[in-house]
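Coordinate-derived values only; no laboratory data. Computed from a predicted structure; not experimentally measured. Quick reminder, even Gly has a Cβ in these numbers, built from the backbone with ideal geometry, and neighbours come from all protein chains shown.
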Amino acid sequence: MTEKQNPPAEGHAFQDEVTELEAKSATAARLFDIRRIIGALFVVYGLIVGAAGIFATDADLEKAQDININLWTGLGMLALGLFFLVWVKLRPTVPPTPPLPQEALDAAEGEGGPAGRG
Amino acid sequence: MLHLAEGLRLPTNGLDYTILAIYFAVVLGIGFAARRSVKTSLDFFLSGRSLPAWVTGLAFVAANLGATEILGMAANGVQYGAYTVHWYWIGAIPAMVFLGLVMMPFYYGSKVRSVPEFLLHRFGPSSHLLSSVIFAVSSVLIAGVNLYAMAIVLEALLGWPEWVAIVVAGFFVLAYITIGGLSSAIYNEVLQFFVILAALIPLTIVGLKRVGGWDGITSSLSASQGGDFLTAWDGTGIGEANPLGANWLTIVLGLGFVMSFGYWTTNFAEVQRALSAKNLSAAKRTPLIAAFPKILIPMVVVVPGFIALVMEPTIGQAGSGLDYNDAIPVLMRDLLPNGVLGIAVTGLLAAFMAGMAANVSSFNTVFTNDIWAAYLKKGREDGYYLKVGRVVTAVGVLIGMGTAFIAAGFSNIMNYLQTLFSFFNVPLFVVFIIGMFWKRTTPAAGFWGLLSGTAAAMVNYFWLYQQGIIDIPSDQGANFVSSIVAFVVGGIVMVVVTLVTKPKPVEQLAGLVYGTKSPGLDLEGAEEGDEVWYRKPALLGWGAIILAAICYVPFSF
C-alpha cells in the first residue's frame with residue numbers, strides 16, 4: 001500500500017492536533033463509570049416505586065386495570081439497577097494506562113492479552 | 001409544534017415530585033462529577049474520544065429519542081396507523097447501518113471533530129462555512145423550539161407556567177453541559193434512555209390490558225379505521241389514496257433513502273456521539289448498537305398511539321378537545337397510579353432535556369471549532385478554546401431560551417423555519433456520499449451541490465407543492481418528494497461542476513475518500529476483546545437490517 005509514504009504535512013495538521021489532544025485528554029483516566037449512577041438511581045427508584053406498589057390503594061389498582069403496576073415496575077427497576085451494580089463489580093473499569101508516547105501505544109496494541117477471547 | 005389540549009392535568013402528588021426531584025439532583029450531580037475529567041477542549045467537545053461503544057450507542061439512540069419525537073410518533077400512530085413504522089424500520093435502520101459500516105471509517109478515522117470539519121478538509125472553506133453556519137443557527141433554533149414544546153406540555157400536564165418550565169429546564173441543561181461538557185450530556189442521555197423505557201413499558205402494558213391486548217386493538221381499529229390502518233404497505237400503490245399521502249416509491253426513496261440517510265449520516269447531533277467513542281471499532285458499533293433499540297421502540301411509542309385511539313376514538317378530530325399529540329399524556333392521566341406516574345413525568349422531562357442537550361452540545365462544538373477557531377480567532381492555545389466552548393454553551397442555551405419565548409408568540413414562523421432547515425440535510429448527504437466515493441469531486445462542486453440541492457427542495461416544497469402546481473396529498477408526502485428532488489438536483493449539479501473545475505490534489509485527500517487511508521490510523525482500529533462475535537460491526541449491522549425486515553412481516557400480509 002502506498003499510504004505509508006510520507007503524506008504532506010500541510011493537509012494533516014488537524015490530525016496531529018487531535019492526536020496530541022488525545023494524549024493529553026483526561027476523560028479516560030478521570031471520568032467516573034456511568035454504570036454506578038444508573039445502578040444506584042434505579043435501585044432507589046425501584047425501592048420507592050415498589051413501596052408504592054406494596055401499599056397500593058384500591059383506587060390505584062383499579063386505575064391500572066387491576067395490575068399492581070407500581071410493584072412490577074419497582075421490581076423491574078430494582079432488577080435493572082442491581083444488574084448494573086453487579087456488572088461494575090464483575091467487570092470494573094480498566095485502570096487507564098498512564099499516557100505513553102504514541103509509538104509505545106501502537107506497539108502495545110498488537111500484543112493482545114488474556115481478556116482477548118470471550 | 002406541539003399543542004396539548006386542556007383537561008390533561010395529571011393527578012401528581014408528593015411521591016411523583018420526589019421522583020422528579022431525585023432525577024434533577026442526579027442530572028446536576030453527573031455534570032459536577034464529570035467536571036474533573038475535562039482538561040482539554042477535546043474532553044469538552046468529544047469526551048476525549050474515549051467512551052465505550054455501549055455508552056455512545058445508547059446516547060446515539062437517546063439523542064434521537066427526544067420528547068417531541070416520542071409524542072410526535074405516537075401522534076403519527078393515531079393519525080396514520082401502522083404506516084408510522086416506516087419511520088423506524090425503513091426510515092432509520094438502513095441509514096444507521098450505512099453510517100456505521102461505510103461512513104464511520106472516514107468520519108472517525110480522519111480525526112475530524114465535527115461533520116462540517118469533514119467538509120473543510122474534503123472540499124474547502126466555502127462549503128464548510130456554509131454548512132457550519134446553517135448547522136449552528138438551526139441547532140439553537142431547534143433547541144428553542146424543543147424548549148417551547150416542553151413548556152406547553154408541562155403547562156398542560158403539571159400546571160407549571162410556561163416561563164417556569166423554560167427557565168428551569170434551560171438552566172439545568174446549561175449547567176450540566178457547561179460544567180461537564182459532552183461526557184455529561186452523553187451520560188445523561190444514557191440515563192434518560194433507561195428512565196424513558198421505565199416510563200413507556202408500564203404505560204404500554206397497562207394500556208394493552210385496558211383495550212384487550214393486541215387482538216383488542218386490531219378488531220377495534222380495523223372496524224373503526226378500515227382494514228389498511230394496521231398494515232404497513234396496503235394502499236401505498238402509486239395513485240392509491242392513503243392517510244400518509246405517499247406511495248411505496250416515495251416511502252422507499254424519499255423517506256427510506258434520501259431523508260433518512262440525510263438525517264442519520266450527516267446530522268452532527270447524532271454523529272458526535274459516535275465520534276466520542278474510544279476507537280474506530282467502537283465508533284462503527286455506535287449507530288449499530290443504537291439500531292436495535294430503535295427497531296423495538298415503536299412497540300412502546302406507536303402502540304400507545306393505537307391504544308389511545310381505541311380509548312378515545314375521536315382523538316385528533318375537531319370537537320374532541322384532544323390533539324393527536326395528546327395520545328401518550330392521555331394514557332398517563334387515565335392509566336398510571338402515583339409512583340409510576342412520577343417515573344413517566346420524569347421520563348418525559350428527561351427526554352425533553354436530553355433532546356435539547358444534544359442540540360446544545362453539538363452547537364457549541366461546531367461554533368467553537370468550525371466558526372470561531374477556524375475563521376475568527378485562529379491558533380490560540382487549547383485552554384482558550386475550552387473557555388470559549390463553555391461561554392458559547394451558555395450563550396447558546398440563553399439564545400435557545402429566548403427563541404422559546406419568541407416561539408410562544410410566533411409559532412407559525414417557527415414551523416416555517418424548521419421546514420426550511422430540514423431541507424439542508426439532504427443535499428449535505430449528496431455532497432458527502434459523492435465526495436467520499438469519487439476522488440475527482442472538486443471543492444466547487446461541494447459548495448454548489450449543497451446550495452443547489454437546498455434551493456431545489458425549497459422550490460419544490462414552497463412553490464410547486466404549496467402553490468398547488470403539482471398535486472401531492474399531504475405535507476408528509478411533499479417532504480418525501482422534496483427530498484428526492486434535492487438529492488437528484490444536488491447530485492447532477494455536483495457531477496457537472498466537477499467536470500468543469502479543478503479537483504484537489506489526491507495526496508490532500510488521504511483518509512477522506514474511499515480507497516485512501518489516514519496516515520497513522522492503526523489498521524483495524526480495534527482493541528483486545530473486540531474480535532468476539534457480538535462486537536463484529538458487520539454482524540451487528542446486517543443483524544439489524546434482517547431484524548427490521550422481519551419486523552415488517554406481520555404488517556405486510
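Observations on the model:
- Charge tally in the Cβ shell below 13 Å around B:Leu539, where Lys, Arg are +1 and Asp, Glu are -1, B:Leu539 excluded: +2
- The protection proxy used here, the mean number of other Cβ atoms lying within 10 Å of each residue, ranks peptides B:78-84, B:470-476 as follows, highest first: B:78-84, B:470-476.
- Using the average count of surrounding beta-carbon atoms within 10 Å as a protection proxy, the listed peptides A:56-67, B:190-201 rank, highest first, as B:190-201, A:56-67.
- Note on segment B:345-412 and segment B:272-322: Cα centroid distance 25 Å, given to the nearest whole angstrom.
- The distance linking segment B:4-67 with segment A:32-52 is 14 Å (Cα centroid to Cα centroid, whole angstrom).
- Segment B:422-460 and segment B:156-197: distance between their alpha carbon centers, rounded to Å: 34 Å
- Estimated [θ] at 222 nm from DSSP helical runs (n ≥ 4, -39500 (n - 2.57)) normalised by residues in the protein assembly as shown, nearest 500: -21500 deg cm²/dmol
- Residue exposure proxy: B:Ser222, B:Ser452, ordered by other Cβ atoms within 10 angstrom of their Cβ from fewest to most, comes out as B:Ser222, B:Ser452.
- Here the peptides B:481-487, B:544-550 are ranked by packing, the mean other Cβ count within 10 Å, and the order with the highest first is B:481-487, B:544-550.
- Averaged over the residues of peptide B:195-203, the number of Cβ atoms from other protein chains lying within 10 Å of each residue's Cβ is 4.
- Counting beta carbons within 10 Å around each of B:Leu280, B:Leu464, B:Leu10 and listing the fewest first gives the order B:Leu464, B:Leu10, B:Leu280.
- Once both labels are positioned 7 Å from their Cα atoms along Cα-to-Cβ, the gap between B:Val137 and B:Asp471 label points is 3.7 nm.
- Listed residue (B:Thr56, B:Ala407, B:Pro125) projecting farthest to the positive dipole end of the protein assembly as shown, Cβ model: B:Pro125
- Think of each Lys and Arg Cβ as +1 and each Asp and Glu Cβ as -1; about the Cα centre, that makes the dipole of the protein assembly as shown roughly 1360 debye.
- Residue pairs, from the table B:Lys294/B:Lys387; B:Lys39/B:Lys284; B:Lys278/B:Lys517; A:Lys24/B:Lys378; B:Lys111/B:Lys536, whose Cα atoms sit over 30 Å apart: B:Lys294/B:Lys387
- Farthest towards the positive end of the charge dipole of chain B, among the residues B:Leu255, B:Ile307, B:Thr231, is the Cα of B:Leu255, using unit charges on the Cβ of Lys, Arg, Asp and Glu.
- Partners for B:Lys502 among lysines (Cα-Cα distance below 17 Å; same-chain residues under 8 apart left out): B:Lys439
- For the residues of A:58-69, the average number of beta carbons from a partner chain within 10 Å of their own beta carbon is 5.
- By the beta-carbon count within 10 Å of each Cβ, the least crowded to most crowded order of A:Phe14, B:Phe410, fewest first, is B:Phe410, A:Phe14.
- Kyte-Doolittle mean at least -1.0 and Cα axial length at least 30 Å: DSSP H helices in chain B: B:14-35, B:125-158, B:162-210, B:340-365, B:382-409, B:475-500
- Under 15 Å from the B:Glu381 label point (7 Å along Cα→beta-carbon), backbone N, segment B:30-55: B:39-41
- Using the Cβ-Cβ distance between A:Phe55 and B:Val496 with R0 = 56 Å, the FRET efficiency computed as 1/(1 + (r/R0)^6) comes to roughly 0.20.
- Counting, for every residue in B:340-347, the Cβ atoms of other protein chains within 10 Å of its Cβ and taking the mean gives 4.
- Zone residues, segment B:51-91, relative to B:Gln317, backbone N less than 19 Å from point 7 Å out along Cα-to-Cβ: B:75-82
- Charge-dipole axis of chain B as Lys and Arg at +1 and Asp and Glu at -1 on Cβ define it, positive-most pick from B:Phe135, B:Ala444, B:Leu8: B:Ala444
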